[in-house]
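If you scroll down you'll find the structure; I have some questions about it.
Just so you know, all these numbers are worked out from the coordinates, no wet-lab data involved. What you see is a predicted model, and the numbers here were worked out from it, not measured in a lab. Cβ placement follows ideal geometry from the backbone for every residue including glycine, while neighbour counts extend to all protein chains displayed.
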Amino acid sequence: MTDRINNPFAPRRGGPAQGAAPAARPGPPGQPAARPGPAAEGAPTRALDLPLRAMTGYEEEVVERRQGEANTAALCNEIVARCMVPPGADASAAYERVRALHIAERDVALLAIRRLSLGDEVACDVGCPACGAACTVDFRLSALPVSLGPIPAETEATLADGTRVVLRLPTAGDQEDLLDAALATESERRTFLLSRAIVRFGEREEPFDFARARALPIAVRSALEQAIEAALPDLDLSMAVACSACGHNFTSPFDVSAFFLPR
Ligand SMILES: [Zn+2]
């Protein structure tokens, strides 16, 4: 499965085994139960001040036209932007607003649009990576423990030598650009995000570029990544699936087209 709504820092944030207790209803008998991925407890979902509406044929066409593209973040950003303006209207200003959202805020908007458009229930098929069996994942979005407290625009890390680094948290636009860059390795993707995230490094306030972020010692890179991860809200739109055929537990990202198109 290539269609996914993924937080680029999510793989470092602990697997599904560390998640909250299952909150979704189990699937029908004989099918695997699904539960949402780990999510934070505490603060209620922050009301995003976005004028969202249900999807129309305009957005349905966009999803269908773009569902084969590798950059699913771009598709998600476009859907949110279009659902902020009347059907068929120019969404370019809304698109820039969506790109400036935190990734988790964009994801909360996607969930809201999905519920407005197709209701609360999600059903999709996921192939088990261990035995290949098709697992039908079936749950209610309202059971997702989605909670977003206030998200800071910036966070700070203090390195072992006392250097203070100010970091900006990644946005939906960063995520889209990251996928456009089509980098080959996880290390390069981290370099890309670090080069954008570093606002101030000690006394230096000029922008970091890819080469400078790449040249940082790995201990420094790790410390900066951890600071970003610690500041990010714990919203992970992936599903923990237990295969009914072989018992294998795995995590699957939401399938974007299955998520947004009626079946
Ligand atoms: Zn299996």
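Compute log10 of I(q)/I(0) for region 154-231 with the Debye formula, placing one identical point scatterer on every Cα and leaving out solvent, at q = 0.27 Å⁻¹, to two decimals.
-1.50
Between residue 204 and residue 180, what is the label-to-label distance in nm when each label sits 7 Å out along the Cα-to-Cβ direction?
The modelled label-to-label distance comes out at 2.6 nm.
Could you derive backbone 3J(HN,Hα) for region 182-196 from the dihedral phi with the Karplus parameters 6.51, -1.76 and 1.60 (θ = phi - 60°), listing whole Hz in sequence and x where the residue is Gly or Pro?
6, 6, 7, 10, 4, 4, 5, 5, 5, 4, 4, 5, 5, 4, 7
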